[in-house]
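Below is one structure; the comments refer to it alone.
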Amino acid sequence: MFEKNNIIVIGSDHGGYKMKEFLKKKLSLRGYKLKDYGTNSEDNVDYPDIIHPIAKSINDGNYKIGIIICGSGNGAQITANKYSNIRAALCWNKEQSKLARMHNKSNIISLPGRFIDNKTSLKIVELFLNTEFEGGRHKKRVEKISKII
């Protein structure tokens, strides 16, 4: 479970801006602390410019968990997963969110801002934040993810 005294890093491109603002408001009301990496409007931006600093901050150990959003969720997830200590999962339902944490020890959730509604995104994120890594047989698999062959 993610402790509320830790900071969640969050960011989006223009396709996820409205969802990001919704999540910031709802999560703040629930006691979570957030650091917003942008964007700050629906003006067109390149998602890598937002996602790289988020992924790097988690990769380097400055933060533990993040939320990233772009139109499809794919570009954001692909960008974040360029970092060796990042396990970003594209999630559009609660089951994926839960399994991303339980089985993959995901530390970033990527949301498709144009394909799910805000209410659904909040449920998915809350489950992500409140699910523990199961360990066990999944531990050795997660350890192999960052292995460069």
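A compact table of results
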quantity: Helical mean residue ellipticity (222 nm; -39500 (n - 2.57) per DSSP H run of 4+; nearest 500) of the chain; calculated: -13000 deg cm²/dmol
quantity: Nearest-ten-degree value, helix 94-104 long axis tilted from longest Cα axis of the chain; calculated: 40 degrees
quantity: Cα long-axis angle, helix 17-29 against the chain (0 to 90 degrees, to the nearest 10); calculated: 70 degrees
quantity: Charge dipole (debye, nearest 20) of the chain; +1 at Cβ of Lys and Arg, -1 at Cβ of Asp and Glu; calculated: 680 debye
quantity: Peptide ranges 44-53, 101-110, 127-136 listed from the most packed, as the mean C-beta count within 10 angstrom indicates; calculated: 101-110, 44-53, 127-136
quantity: Between 0 and 90°, nearest 10: helix 47-59 axis offset from the chain longest Cα axis; calculated: 40 degrees
quantity: Label-point separation, ASP46 to MET102 (7 Å along Cα→Cβ), nm; calculated: 4.0 nm
quantity: Percent RCO, i.e. relative contact order, over the chain, from Cα pairs under 8 Å lying at least 6 residues apart; calculated: 24 percent
quantity: Dimensionless Rg over Rh [the stretch 1-96; C-alpha; Kirkwood]; calculated: 0.93
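Taken together, the values in this text are just the output of simple stated rules run on the coordinates, not laboratory data. Keep in mind it's a predicted model, so treat the numbers as computed, not measured. Note that each Cβ is placed from the backbone with ideal geometry, even for glycine, and that neighbours are counted across all protein chains shown.
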